[in-house]
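To start, the structure under review is shown below, and the notes come after it.
Nothing in this text is a laboratory measurement; each read-out follows from the coordinates by a stated rule. What you see is a predicted model; the values in this text were computed from it and never measured. Neighbour counts are summed over all protein chains in view; Cβ atoms, including those assigned to glycine, are modelled from backbone coordinates with ideal geometry.
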Amino acid sequence: MNVVIEQVTAALEQRSAARRGRYLERLQIAAERDPRRKLGCSNLAHTLAAQSEDARLIMKQGGSPHIAIVSSYNDLLSAHAPLKDYPEQLKTALAKFGATSQFAAGVPAMCDGITQGEAGMQLSLFSRDLIAQATAIGMTHAVFDGGLYLGVCDKIVPGLLIGALQFGHLPAVFVPAGPMHSGLANKEKAAIRQRFVRGEATRDELLAAEQAAYHETGTCTFYGTANTNQLLMEAMGVHVPGSAFVHPHTPLREAMTDEAARLVARNSRQGERYLPLGKQIDARVLVNAVVALLASGGSTNHGLHLPAIARAAGYELTWEDFAALSKVVPLLARVYPNGAADVNQFQAAGGPAWIFRELLAAGLMHAQVPTAAGDDLQNYAREPWLDAGQLAWRELPKQSSAPEIVRRLDDAFVADGGFVLLQGNLGRAMLKTSAVDPEHWRVHAPARVFESEAAVQEAYAAGELTGDLVLVVRFQGPRANGMPELHKLMPLLANLQQAGQQVALVTDGRLSGASGLVPGALHLTPEAASGGALAKLHDGDWIELDARLGVLRVDIDDSQLQARQAVVANTELAAGYGLELFAAQRRLVGPADQGATALLWDSVE
């Protein structure tokens, strides 16, 4: 094993020992309960009421696993639309393995693509915690021996995993749906967006391009949070190996969905190999997830999600862990936005299996870890295929057929993983460098301070964003307005940079998979609404952002900065979006570097 991988893993285990110990104690108590024998007759009758006679008989006799199905299906999200028929397919497959099953819960799933730039985006991050709670509501009926969790997109998979970890005495398998086929190339789509912002493309042209990019059911094809979720579920061993990027509605996808049913039944207490999720997800697995994120150039959102997932499993994963690992983990993939390829081309070039094979061979991932498929992560370093109609796995070629997309470890695109922890008198922020040209890694320029994405767009349209500048967009943190993603800043910032200006973004908000050409200090904490120094900045303050040195600071004496009066956020909520219902989350949510969650974060002590 690489020494840094070992050190980070050991440090994570040591700092989390007390928390993890309490978590495992709770699992043991839960595991000692028989899920059905302790139920009263009326309780059990309610459970059986809608079941077939065969299922009733099997459940009353006991000895066979009873599996929960939790799904985020809706037909508003293209990525989740294929999940519609999964429950019946999974029930049929489980019956073949002697198991019974019930659809336990549907969880909400919202689309950041639909809500971007709108007030509804302010509920996006909070939906993760709500999904975890909704998962718990379904599972808390306490009649299940395992769970199948169906989800794909941004906050949905982390929310499902956080919820499933509260039932960590049960096995879990996550079941994805796969990406849509490739449409308009992502770079072409981005170019038209930039032209539209400059007034050089019509709305009809923009809409036609967007529809050519997002054109059928399945996940969007750029490597944003949704697709990063799927790669990380592979790295954590909670998928059927190789299932992340197989297209919906194909024989291979159907076979992999059936295999998920077989694995969860096998891993139940009634099966051949009891594997409770809470013991499966340990420090080694969390480190593997961070390594996979870094090596693939994945979404910055996982700087929030992985710490929140870790806390749900009893661990305290820090941004310092990310930064330490980034120094030794090379970038092995170029997938949009840090390259031209989409996820379908990435999969064809070797996909997650290629990344894992290279990392495992170099001792950069823990190999001997429990997974849904076995006790060796090498199972996830092969590609799935149908051999005479039967699901099988085969080795990848030694050499890349697309070295512009994936590379061997000895020929990595970049020697580090592109995660930089920025620190200074403005606080702590994370920056992703993998898509940023090194000539833009340091920006020292006057601040232009805004308190909304819309205000930035108005200033851009008026031609006010001139000269070198650091764009500050504050009161975008979780306590202020739920921490929306600021997608619509990217085209205008890219335009400014292409025009020869040195520009950077500093915000307590998010960018997710949209993080690209322009350096962005994201998730700044303390956020402005919690008294962070961001609330004291003025237009014209000189700000230094240096990715090489890990510096983010304003050129003001500390005593002078402390003496300044902080600006107070405008707390007026947009009408008609249901934002008022989430006031408790805004009040209770924790800081970004602890996962920006209203769940678990305050039980550290």
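Working from the alpha-carbon coordinates of segment 419-570, get Rg over Rh, Rh being the Kirkwood radius. List each step's numbers first, then the result.
Values: Rg = 13.8 Å, Rh = 15.0 Å.
Answer for segment 419-570: 0.92.
Using unit Cβ charges (K, R positive; D, E negative) and no other charged atoms, how large, in debye to the nearest 20, is the dipole of the chain about its Cα centre?
Working: 52 positive and 63 negative charges, 303 e Å.
Rounded to the nearest 20 debye, it is 1460 debye.
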Work out, step by step, the length gained on full extension between Ala208 and Asn425: first 0.36 nm times the residue separation, then minus their alpha carbon distance; give nm to one decimal. 73.6 nm
Return the lysines within reach of Lys155: Cα separation strictly under 17 angstrom, same-chain partners fewer than 8 residues apart disregarded; answer none if there are no such residues. none
For segment 436-492, state what percent of all Cα-Cα pairs lands in each successive 5 Å bin, counting from 0 Å until the bin that includes the largest distance. 4, 16, 24, 24, 19, 11, 2
Which value in Å is the Kirkwood Rh of the chain over different Cα pairs? 24.6
Say each of Ile114 and Arg548 gets a label point 7 Å from the Cα, pointing the same way as Cα to Cβ; how far apart are those two points in nm? 4.6
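Please state the shape class of segment 77-178: rounded when a/c is under 1.5, otherwise prolate if a/b exceeds b/c and oblate if not, all from the C-alpha gyration tensor.
Details: a/c = 2.78, a/b = 1.59, b/c = 1.75.
In terms of gyration-tensor shape, oblate.
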Say R0 is 60 Å: what FRET efficiency, to the nearest 0.05, do Arg442 and His249 get from their beta-carbon distance? 0.80
Contour minus Cα-Cα span, Gln368 to Ala10, at 0.36 nm per residue, comes to 127.3 nm
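First check a/c for segment 237-384, with a ≥ b ≥ c the square roots of the eigenvalues of its C-alpha gyration tensor; if it is under 1.5, answer rounded, and if not, answer prolate when a/b is larger than b/c or oblate otherwise. Numbers along the way, then the final one.
Details: a/c = 1.79, a/b = 1.12, b/c = 1.59.
Oblate is the answer for segment 237-384, as a/c is 1.5 or above yet b/c matches or exceeds a/b.
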Rounded to the nearest 0.05, what FRET efficiency do Ala191 and Glu216 have when you use their Cβ-Cβ distance and R0 = 30 Å? 0.85
